[in-house]
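Below: the structure, in structure tokens.
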Amino acid sequence: MQTPKFAHVKQSFHVELKKRINDYFTLTGKSTTGGSRLFTKALFLSIGFIYTYIQLVFFTPSAIWAVLLSVLLGAFTASIGFNIMHDGGHGSFSKFPFLNKMAAYSAGVMGASHFMWNLKHNVIHHAYTNIDGIDDDIDAKPFLRMASTQKRYKMHRFQHWYFWMFYCILHFYWAMVSDYKKYFSRKIGSTPLKKMTVRDHISFWSFKVLHYALFIVIPIFTVGFSHWLIGFILFSVTAGFILSIVFQLAHTVEHTEFPVPQEMTMKMEDEWAIHQLKTTANFATKNKLISWYVGGLNFQIEHHLFPKISHIHYPAISKIIKQACMEYGVVYVEYKRMHQAVYSHVSFLKQMGTA
């Protein structure tokens, strides 16, 4: 599929937004990166993950504790992905490129290739959000129908009932299947993969081996196959479901749009910033616990408009963006509570399965 082109306008909403956000950081003297607040959170999550892993693998807790710790390990994994890997991948974790790279590479330890994630998420998803045929995040065919332009099958009538099963296997699919499909097909969806250097190939395979050693080989050796299998399923299902639902609430809900480029010219109706606002939604932004745990990914509008700004600044800049949207008459989609966003997502899936 040919790459779409966004509209160019004389009075650009995006230019005005960037000016206002730049003015905010100039006046406050704050850095756009995470700083000590994010470093402290990253340290807490990393220590929690390592401690939980050691307890599970080397100290063999009782069955009940092993179940709870396996779930907790999955929850730590998802939160590390949201807070450390995600900010690092966007270059907003630290002002030091080396620390950003280290943070981004945490994806490899958790089972995902940073190289693939960077292209799939940073390059494709952020540029062409909710454009079917390009945005790989809404491509779950044939099991889930995520856009009206996708083919509908009879089973999709029930997707609002069974979707959670596919969300639960995301982590496993990501680590064991998806990365390899991209690696060997040299494509992410319909987008060709950029040429990998020797270092990229070595990094890809090294982190895969490390992940399998940490989460398969060593645990089987220390606790046995059956205990490992139960623990691994609980860990992977927890991480997969949390990662899936948080990202899906941002784009596949009732009030977001799925713009289609003009067939002949491949031009989009809106400029890029307006497109991001039409295709993205916030949820539970007043809930400090959710905001802390998901690394500000409940402020997806702010993140999509300014991905190189750390999530710790999203509550502040959201006020600026809301004000600009009011002045320009641009819709700002937000669900006050998380359960409202979940309900809207389920309703959206039901709609896509029947219409």
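The values are calculated or read from the model by the stated rules, or taken from the named source; none is laboratory data. None of these values were measured; they are calculated from a predicted model. In this analysis, Cβ positions are derived from the backbone assuming ideal geometry, glycine residues included, and neighbour counts consider all displayed protein chains. Quick note on the areas: whole protein, heavy atoms, side chains included, nothing else; ligands and nucleic acids left out. Shrake-Rupley method; radii C 1.70, N 1.55, O 1.52, S 1.80 Å.
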Of the residues ILE230, ILE220, ILE242, only one is within 25 Å of the chain's Cα centre (by Cα), within 23 Å of PHE49 (Cβ to Cβ) and not hydroxyl-bearing (Ser, Thr, Tyr); which?
ILE242
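Having 2 or more residues that are aromatic (Phe, Trp, Tyr) and in contact with a His (Cβ under 6 Å, 6 or more places away or on another chain) is the bar; report the helices (runs of 4 or more DSSP H) wholly within the stretch 8-98 that clear it. Show your work before the answer.
Working: elements: 13-28, 35-58, 63-80, 86-89.
Ranges flagged: none.
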Looking at the stretch 112-131, which of its residues are surrounded by fewer than 23 Cβ atoms within 10 Å (Cβ to Cβ), over 23 Å from SER236 (Cβ atoms) and either of a type in the set (A, V, I, L, M, F, W, C) or without any contact (Cβ under 8 Å) to a residue 60 or more places away in the chain (or both)?
LEU119, VAL123, ILE124, ALA127
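Quick check on this structure: which one of THR238, THR265 is in contact with a strand residue (DSSP E or B) (Cβ under 8 Å, 6 or more places away or on another chain) and of a type in the set (S, T, N, Q)?
Residue meeting the stated conditions: THR265.
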Residue count, the stretch 307-332 (criterion: of a type in the set (A, V, I, L, M) and open to solvent by 40 Å² or more (accessible area, probe 1.4 Å))
2
Residue selected from the stretch 67-87 under the condition buried (at least 19 other Cβ atoms within 10 Å of the Cβ) and over 17 Å from the mean Cα position of the chain (by Cα), by the criterion nearest to SER226 (Cα to Cα):
SER70
Please verify whether the stretch 305-313 includes one or more residues that are of a type in the set (A, V, I, L, M, F, W, C) and on the phi > 0 side of the Ramachandran plot.
no
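Can you give me the ranges of the helices (runs of 4 or more DSSP H) entirely in the stretch 206-287 with at least 2 residues that are modelled with pLDDT of 95 or more and farther than 27 Å from ILE80 by Cα? Steps first, answer last, please.
Numbers: elements: 218-223, 225-248, 272-279.
Those helices (runs of 4 or more DSSP H) span 272-279.
Has the stretch 234-241 got any residue that is surrounded by fewer than 20 Cβ atoms within 10 Å (Cβ to Cβ), in contact (Cβ under 8 Å) with a residue 40 or more places away in the chain and within 30 Å of GLU16 (Cβ to Cβ)?
Applying the first criterion (surrounded by fewer than 20 Cβ atoms within 10 Å (Cβ to Cβ)) to the stretch 234-241 yields 234.
When the remaining residues are screened for being in contact (Cβ under 8 Å) with a residue 40 or more places away in the chain, the result is 234.
Keeping just the survivors that are within 30 Å of GLU16 (Cβ to Cβ) gives none.
No: the stretch 234-241 contains no residue that is surrounded by fewer than 20 Cβ atoms within 10 Å (Cβ to Cβ), in contact (Cβ under 8 Å) with a residue 40 or more places away in the chain and within 30 Å of GLU16 (Cβ to Cβ).
I need the full set of residues from the stretch 40-72 which are of a type outside the set (A, V, I, L, M) and touching a residue at least 40 places away in the same chain (Cβ under 8 Å), in order please.
Within the stretch 40-72, LYS41, TYR53, PHE58, THR60, SER70 qualify.
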Answer with yes or no whether LEU27 is surrounded by fewer than 21 Cβ atoms within 10 Å (Cβ to Cβ), within 25 Å of the chain's Cα centre (by Cα), among the aliphatic types (A, V, I, L, M) and over 30 Å from ILE220 (Cβ atoms).
no
The stretch 299-317 - residue that is in a loop (DSSP other than H, G, I, E, B) and aromatic (Phe, Trp, Tyr) and, of those, nearest to LYS336 (Cα to Cα)
PHE299
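For the stretch 38-45, state whether one or more residues are of a type in the set (D, E, K, R) and closer than 27 Å to ASP270 by Cβ.
no
Can you say whether GLN248 is touching a residue at least 40 places away in the same chain (Cβ under 8 Å), touching a His at 6+ places or on another chain (Cβ under 8 Å) and open to solvent by 10 Å² or more (accessible area, probe 1.4 Å), as far as the supplied structure shows?
For GLN248, the condition - touching a residue at least 40 places away in the same chain (Cβ under 8 Å), touching a His at 6+ places or on another chain (Cβ under 8 Å) and open to solvent by 10 Å² or more (accessible area, probe 1.4 Å) - is met.
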Only one of (1) part of a helix (DSSP H, G or I); (2) of a type in the set (Gly, Ala, Ser); (3) touching a His at 6+ places or on another chain (Cβ under 6 Å) does not apply to GLY296, and that is (1)
Just to be sure, is VAL109 open to solvent by 10 Å² or more (accessible area, probe 1.4 Å), touching a Leu at 6+ places or on another chain (Cβ under 6 Å) and farther than 30 Å from GLU271 by Cα?
no
Filtering the stretch 172-208 down to residues that are in contact (Cβ under 8 Å) with a residue 24 or more places away in the chain and on the phi > 0 side of the Ramachandran plot yields GLY189
Criterion first (among the hydrophobic types (A, V, I, L, M, F, W, C), closer than 19 Å to ILE312 by Cα and in contact (Cβ under 8 Å) with a residue 40 or more places away in the chain) does ALA75 satisfy it?
no
